[in-house]
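A.B. asks: Once you've had a glance at the structure underneath, I'll fire off some questions.
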Amino acid sequence: GIFDQRVAVSAVLYPKPFGIQAEYNIGKGPRYDKLTNSINTSAHLEGGYVTLNYKYDVSKDHVIFPFAKFQYYDGGKKFEKDARSYVVRDYELGLEWQPFKAFELVAEWVIADRTFEDSALPNNRQRGNLLRLQAQFNF
């Protein structure tokens, strides 16, 4: 019984050698309002991301993908406590290395600026950086 209405658009251009992936949505849904300490049931929401990447073929099976990503979201999340209000701005730079098809290593640096507020935390802005390392086996 919660109102949630969105329109989204997405696009992908696979890296040959440059690539881009993007998505954006806009709509209305529930969102915590700290000024009234209540849930606005049809608040504006919008957000999306864009990823730019490049494919460098070292050899037939050896590939390197440097990438950059920006993501933004300003709205509520209806399945979280009080339809928690979010404002997210993340910047990411990374490198994916595939020395052979069945194995990938990823290193990614994230610069995050996030605000998420509800009745328990009405003033909650967090900023920081993180390094994500991932190894993945594909079969």
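A.B. asks: Would you pick out the residues in region 87-98 that are open to solvent by 30 Å² or more (accessible area, probe 1.4 Å) and either at pLDDT below 95 or closer than 22 Å to Tyr72 by Cα (or both)?
C.D. replies: Matches in region 87-98: Val87, Arg89, Tyr91, Leu93, Leu95.
A.B. asks: So Val7 ticks every box in (1) open to solvent by 80 Å² or more (accessible area, probe 1.4 Å); (2) more than 23 Å from Arg114 (Cα to Cα); (3) free of Cβ contacts under 8 Å to residues at least 40 places away in the same chain; (4) not in a strand (DSSP E or B) but one. Which box is left unticked?
C.D. replies: It is condition (4) that Val7 fails.
A.B. asks: Okay, next question. Select from region 51-71 the residues that are over 15 Å from Glu92 (Cβ atoms) and not charged (D, E, K, R) and write down the one among them that is surrounded by the fewest Cβ atoms within 10 Å (Cβ to Cβ).
C.D. replies: My answer is Ser59.
A.B. asks: Okay, moving on. Enumerate the pairs (first residue in region 120-139 and under 30 Å from Pro99 (Cα atoms); second residue anywhere and open to solvent by 90 Å² or more (accessible area, probe 1.4 Å) and hydrophobic (A, V, I, L, M, F, W, C)) with beta-carbon separation below 9 Å, excluding pairs fewer than 6 apart on the same chain, so at least 6 apart or on different chains.
C.D. replies: Pairs that qualify, where the first residue is under 30 Å from Pro99 (Cα atoms) and the partner is open to solvent by 90 Å² or more (accessible area, probe 1.4 Å) and hydrophobic (A, V, I, L, M, F, W, C), are Asn129/Trp109; Leu130/Trp109; Leu131/Trp109; Arg132/Trp109.
The values are calculated or read from the model by the stated rules, or taken from the named source; none is laboratory data. None of these values were measured; they are calculated from a predicted model. Using ideal geometry, Cβ is built from the backbone for each residue, glycine included, and neighbour counts are taken over all protein chains shown. Accessible surface areas use protein heavy atoms only, side chains included; no ligands, DNA or RNA. Shrake-Rupley method; radii C 1.70, N 1.55, O 1.52, S 1.80 Å.
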